[in-house]
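Chemist: Before I ask anything, here is the structure I am working with.
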Amino acid sequence: METILWCLDLVGVAFLCLWALREDRRSGDGGAADGVTKEKRH
Amino acid sequence: MRDLFLLGLLPFMLYAMLQRPFIALAMLPWTALFFPNAWVYGIAGSIRYNLLFAGVTLVAYLVHKHKPSFRLSGLGMLVLLFFFWTTLSTSMTIGIPDVAWEYWNRLLKVVILFLFVLAIVEKKLHVDTLLWGVVLSVGFYGNLEALKFIASGGSHMISGIDGHVLGDRNELALAFVMTLPICVYLLGEYGKRSRALQLGLIGTVCLLVFAVIGTQSRGGFLALLTLGAYLFLKSDRKILLSVLIIVLIAALANFASSEWAARIDTIESANEDQSFMGRVVAWKLSFIMAMQNPFFGGGFKSLETFSVWNELSRHFFEYSWFYTGDSLPPTTFARAAHSVYFQVLGEHGFVGLFLYLTCLFASWYKAGRVARNAKRAGGPPWLINMAVAFQLSIFAFAFGGAALSFAYFDLIFTLFGLTIVIQKRILPAELAKLKKHQNDVQQVAVPVPAMTASHSH
């Protein structure tokens, strides 16, 4: 049980990271990668 | 298997962390409180996650184009001044210099985390991600241990992991209590979006309460009761909370062992309890150390240096008004201060304690002021709830920490930083949004009579 919960927590953390990235991108706040993309577009 | 799992997910986490410094920042308290190294036994255990994540946070911050302006504020200055003071006290330590510098180095890492919070966090999503990181670390451990406690019928005693920042069960209990308001805030924000999150967070709140009981920590239990009363006073949902409290008490009654009840009963006769009076003896020796070194104190961990403890014990009877019952300082070993206040007093003198107390009070007060100002100005409910959660969490630390040597806990310094952020950055931004919205509404409303007037001409 301990290992299952531990793995679930890790999945939760990885999901949190990717969810936060998606939400921030949606809100239009440019990160490092976004900045590079915008420069290329120009 | 755990190694492979952790190593398999790590690239995804690192990718997101490198893209956004606030995600990397959220992983700092997670790695500090989750302590991944304690759970793996193979190759994944050789990685220093806190160092790796701190490096990634710094790189992501430097590379990130959009950096908010750095606002230190009065509270930020106080935290830095406190850290500067500890540097002076460490350089003049009466304990073992190597040990004092090691603990200074730990505080340095906590202060760096605090500065990262000020430099990076600027909006709700950033704060929420950080708070989720706390719930997924402390909350996870609380859930796991509480389930063991329930499965054992209340006989499993919950304790921390050796070598972990929350290694002591009393400190662990306080961390559980501090996490409760954060869970309640996240439940209000994300519970409606997803049924799974709602159930997960309600379960975590209930299991954290069980986990506090499972540690058999009297300080943790008192902090839990006080937080419950404070939460009840602050809550707008008093009926729902009353039902939840009754259900929890009924459930806990089945699991609290007679050993636990006997231990809790000793709270009433604290002045006769040897364990508690042993703490009072340590408080008195910390006080004596501060009287002998009023400005800089003795430095980190000086009370636990046996030669210092012995020397202070010679002056034990000097302050007779400081009641210690029949208890005397042990003569074969030294003890920790067992109170964040006496710990800071002994280690950094009266000036250090003044700075520390001011930081605690100012953060608690500022969080309350953010909630009041947001409410008065018609600000978003989430900001009010967030500020109240911080206030409750800081209060729980200030109350529960009175009997623990836990002054430099990562989470309390993170809360100091977050309080500054919501006061200096998020509240003004939300009020400006509100004002802009009101202006827009007025502009839409005003031209109508003007146009009518021009037509009439």
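Any read-out appearing in this document is the output of simple, stated calculations on the displayed coordinates, not a laboratory observation. The shown structure was predicted, so the numbers you read here are calculated from the model rather than taken from an experiment. Every residue, glycine as well, gets a Cβ built from its backbone with ideal geometry; the counts of neighbours run over all protein chains shown.
Chemist: If you place +1 on the Cβ of every Lys and Arg, -1 on the Cβ of every Asp and Glu, and leave all else neutral, what size is the dipole of chain B about its Cα centre, to the nearest 20 Debye?
Modeler: Working: 35 positive and 24 negative charges, 407 e Å.
About 1960 debye.
Chemist: Pull out the extension gain between residue B:65 and residue B:38, defined as 0.36 nm times the separation in residues minus the alpha carbon to alpha carbon distance; nm, one decimal.
Modeler: Numbers: separation 27, 0.36 × 27 = 9.72 nm, distance 3.58 nm.
Value of the extension gain: 6.1 nm.
Chemist: Explain nothing, just compute: Karplus ³J(HN,Hα) = 6.51 cos²θ - 1.76 cosθ + 1.60, θ = phi - 60°, for every residue of the range B:139-148 in order, whole Hz, x for Gly and Pro.
Modeler: x, 4, 5, x, 4, 4, 5, 5, 5, 5
Chemist: Same structure again: Quick one: in chain B, what % of C-alpha pairs are over 30 Å apart?
Modeler: Working: 51482 of 104196 pairs.
For chain B, the share of Cα pairs beyond 30 Å comes to 49 percent.
Chemist: Could you list B:347, B:430 in order of exposure, starting from the residue whose Cβ has the fewest other Cβ atoms within 10 Å? Walk me through the intermediate numbers first.
Modeler: Values: B:347 33, B:430 20.
Ranking B:347, B:430 by Cβ neighbours within 10 Å, fewest first, gives B:430, B:347.
Chemist: To the nearest 10 degrees, how steeply does helix B:340-376 sit against the main Cα axis of chain B, on a 0 to 90 scale?
Modeler: Roughly 20 degrees between the two axes.
Chemist: Follow-up. Got a sec? Charge dipole of chain B, +1 on Cβ for Lys and Arg, -1 for Asp and Glu; which of B:119, B:445, B:250 is way out at the positive end?
Modeler: B:445
Chemist: Can you give the local net charge around residue B:404? Use residues other than it whose beta-carbon is closer than 10 angstrom to its beta-carbon, Lys and Arg +1, Asp and Glu -1.
Modeler: Neighbourhood net charge equals -1.
Chemist: Next question, about the same structure. ³J(HN,Hα) across the range B:28-35 via Karplus (A = 6.51, B = -1.76, C = 1.60, θ = phi - 60°), whole Hz, x for Gly/Pro?
Modeler: Once rounded to whole Hz, the list reads 5, x, 4, 5, 5, 9, 7, 6.
Chemist: Rounded to the nearest 10 degrees, what's the angle between the helix B:447-456 long axis and the longest principal axis of chain B, both from Cα atoms, 0 to 90?
Modeler: 20
Chemist: Here's a follow-up. As a quick test, which of the pairs B:67/B:375; B:234/B:433; B:109/B:238; B:65/B:435; B:192/B:436 have an alpha carbon distance above 32 angstrom in this structure?
Modeler: Values: B:67/B:375 29 Å; B:234/B:433 26 Å; B:109/B:238 40 Å; B:65/B:435 28 Å; B:192/B:436 28 Å.
Check vs 32 Å cut-off fails for B:109/B:238.
Chemist: For residue B:88 and residue B:1, what is the calculated FRET efficiency with R₀ set at 56 Å and r taken between the beta-carbons, to the nearest 0.05? Before the final figure, lay out the partial values.
Modeler: Numbers: r = 49 Å, r/R0 = 0.87.
Computed FRET efficiency for residue B:88 and residue B:1: 0.70.
Chemist: What full-extension length gain, to one decimal in nm, is calculated for residue B:432 and residue B:350 as 0.36 nm per residue of separation minus the Cα-Cα distance? Each step should come with its number before you reach the end.
Modeler: Details: separation 82, 0.36 × 82 = 29.52 nm, distance 4.12 nm.
Residue separation times 0.36 nm, minus the Cα-Cα distance, leaves 25.4 nm.
Chemist: So how tilted is helix B:218-234 from the main axis of chain B? Cα-based, degrees 0 to 90, rounded to 10.
Modeler: The angle comes out near 30 degrees.
Chemist: How do B:386, A:1 line up, fewest other C-beta atoms within 10 Å first? Display every interim value, and only then the final one.
Modeler: Values: B:386 28, A:1 9.
Ascending number of Cβ neighbours within 10 Å: A:1, B:386.
Chemist: For the protein assembly as shown, evaluate the Debye formula with one uniform point scatterer on each Cα (no solvent term) and list log10 I(q)/I(0) at q = 0.06, 0.08, 0.13 Å⁻¹, rounded to two decimals.
Modeler: Summing over Cα pairs of the protein assembly as shown leads to -0.31, -0.53, -1.34.
Chemist: Whole-Hz ³J(HN,Hα) for each residue in the range B:387-403, computed from phi via Karplus 6.51 cos²θ - 1.76 cosθ + 1.60 with θ = phi - 60°, x for glycine and proline: what do you get?
Modeler: 5, 5, 4, 5, 4, 5, 5, 5, 4, 4, 5, 4, 7, x, x, 4, 10
Chemist: Of B:402, B:312, B:83, which is farthest on the positive side of the dipole of the protein assembly as shown, counting Cα position, with +1 on Lys and Arg Cβ, -1 on Asp and Glu Cβ, and the Cα centre as origin?
Modeler: Going by the charge dipole, the pick is B:83.
Chemist: Which whole-number percent is the relative contact order of chain B (Cα, under 8 Å, 6+ apart)? Intermediate values should be presented prior to the final figure.
Modeler: Values: 638 pairs, mean separation 91.8, N = 457.
So the answer I get is 20 percent.
Chemist: About its Cα centre, how strong a charge dipole does the protein assembly as shown have in debye, to the nearest 20, once Lys and Arg get +1 and Asp and Glu get -1 at the Cβ?
Modeler: Numbers: 41 positive and 31 negative charges, 446 e Å.
Charge dipole of the protein assembly as shown: 2140 debye, to the nearest 20.
Chemist: Which order results if B:359, A:7, B:206, A:17 are arranged by neighbouring Cβ count within 10 Å, fewest first?
Modeler: Details: B:359 21, A:7 15, B:206 18, A:17 27.
Lowest to highest Cβ neighbour count: A:7, B:206, B:359, A:17.
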